[in-house]
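Every number in this text was worked out from the coordinates using simple rules, so none of it is lab data. Just so it is clear, the model here is predicted, and its values are computed rather than measured. Every residue, glycine among them, receives a Cβ derived from its backbone with ideal geometry; neighbour counts consider all protein chains shown.
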Amino acid sequence: MPLWTLRGLRRGVVTTRYPARPDPSARLLPSPPAFRPDVLTPGLADRLVAVCPSRALARDADVLVFDVGACTACGRCRAEAPQAVGDSGEFELAATARAHLIKRIPLAGRPA
Amino acid sequence: MTGQGATELTVQENAEELRRTVTRLFGRSLHIRTLDTGSCAACEQEIRLLAAPHYDLHRLGFFFTPAPRHADLLMVTGPMVRAFENAARKTYDAIPDPKIVVATGACALGGVYQPDAFTRGGAGGTLPVDVWIPGCPPSPLALLQGLLVAVGRLAGKVKDLDFSLNGTPR
């Protein structure tokens, strides 16, 4: 009997329980960024748009338009402004319409 | 106004009916044909991993097939290189109705490449895409969720996410 069979018997089943239960390895996956609207100024938003290599970010007046579908989770926006950009931690991103993936994030100083 | 509201409800009811039909037809057994339209093969690696013991997609009733005629779902990767467009259409036509098209990865979603002389810059312009799976590459878990959304066994949740943080970034 091969060694890995014995190891498998001892440690149990390796197959993930997803989708019935969350998978513990999911938190280690790269995920698209999430933004802090209270810190995100128009100037900072322009810098983020400039560093994005896959054109996932665009600025529309006082709104940052984030296309989750175009994002490659490279982390450049997070490195550019760690105070304003964090990890969303989301991996369940499948959408039934392309428009569901386009998010509009209001910028700081936007008239309420 | 009332008439418009009634129409909207009918559309919603139709969508619900369609979702039920898709789940009835494909919920327990679905055959997948993958189509590479110029991808870097990272998506293919992740798709291949779905069959590995850790993810084991066969337990959920999904199978890969090399023949479009045996497939129910077309999984498209890559930015749709123009040289491949004709083959992509032929593959789509060869799949028997009803069929589902899943665009996989940032390229197929139109993220990485802009339309130019060589690529269409995404699968959406050539094929009628039903489900979009973001990621570069999407992890096998993300692909699994996308497939379950495609057959109506899970509801997509990205629609309700706003990608804004309220405290300090994680």
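Rg then Dmax, both in Å and based on the Cα atoms of chain B: 17.2, 54.
For B:LEU165, the residues whose amide H sits under 5 Å from its own are A:PHE35, A:ARG36, ignoring neighbours fewer than 5 places away on the same chain, with H placed 1.01 Å from N.
Summing +1 for each Lys or Arg and -1 for each Asp or Glu, what net charge is found among the other residues whose Cβ lies under 13 Å from the Cβ of A:VAL65?
Charge balance near A:VAL65 sits at -1.
Here the gap between B:ASP162 and B:ALA83, fully extended at 0.36 nm per residue and compared with their Cα-Cα distance, gives a gain of 24.7 nm. Inter-chain neighbour count for B:103-111: the average number of beta-carbon atoms from partner chains within 10 Å of each residue's beta-carbon is 5. Within 10 Å of the Cβ of each residue in B:145-156, the mean number of Cβ atoms contributed by other protein chains is 3. Averaged over peptide A:73-81, the number of partner chain Cβ atoms lying within 10 Å of each residue's Cβ comes to 1.
Where both bridge residues fall in segment B:29-153, DSSP classifies roughly 5% of the beta bridges as antiparallel. Were the residues from A:ASP46 through A:ARG98 laid out at 0.36 nm apart, the gain over their Cα-Cα distance would be 16.3 nm.
Amide H contacts of B:THR119: B:ARG82, each under 5 Å away and 5 or more positions distant or on a separate chain (H built 1.01 Å from N in the peptide plane; Pro and chain starts excluded). Only the Cβ atoms of Lys and Arg (+1) and of Asp and Glu (-1) were treated as charged; on that basis the dipole of segment A:12-97 about its Cα centre amounts to roughly 260 debye.
Against chain A, whose longest principal axis comes from its Cα atoms, helix A:42-51 is set at around 50 degrees. When both bridge partners sit in the protein assembly as shown, DSSP labels roughly 45% of those beta bridges antiparallel.
Calculated mean residue ellipticity, 222 nm, chain B: -10500 deg cm²/dmol, from DSSP H runs (n ≥ 4) at -39500 (n - 2.57) each, averaged per residue and rounded to 500.
The dipole here belongs to the protein assembly as shown: it is taken about the Cα centre, uses +1 on the Cβ of Lys and Arg and -1 on the Cβ of Asp and Glu, and is about 820 debye. Database remark: amide H of A:LEU40 closer than 5 angstrom to the amide H of A:ALA108 (H placed geometrically; neighbours at sequence offset of 5 or more, or on other chains; Pro and chain starts carry no H). Peptides B:87-93, A:40-46 ordered by packing proxy, namely the average of other Cβ atoms within 10 Å per residue, highest first: A:40-46, B:87-93.
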